[in-house]
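Let me begin by presenting the structure, written as structure tokens, before commenting on it.
What follows is calculated from the coordinates using simple rules that are stated; it is not laboratory data. Note that the coordinates shown come from a computational prediction; the quantities given were computed from them, not determined experimentally. Positions of Cβ are backbone-derived with ideal geometry, glycine not excepted, and every protein chain shown enters the neighbour counts.
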Amino acid sequence: MVTLDMMNNANDIMNLLQQIRQNPYQVLSQRFNLPQNLNSPNDIIQHLLNSGQVTQTQVNNATQMMNNPMIKRLFGK
């Protein structure tokens, strides 16, 4: 049974996904301390690692998740 909470959560996830597609820097800067001079996703990741805001394990887990076929479909890849 699909509840209202589940539908709201799904809508929240889809809204977040759309925001990430449009401006990943803005979404990430809401949670992490990011300087504005970062020019690429790799620069962002390196900064987060160097500043201790994320661990290599977290980066590895996110990379594995992004390689999941279902996640790739969500991102249109």
Ordered by packing density, taken as the mean number of other Cβ atoms within 10 Å over each peptide's residues, highest first, how do 18-26, 43-51 rank? 43-51, 18-26
Three principal axis extents, largest first, for the C-alpha atoms of the chain, in Å? 45, 23, 22
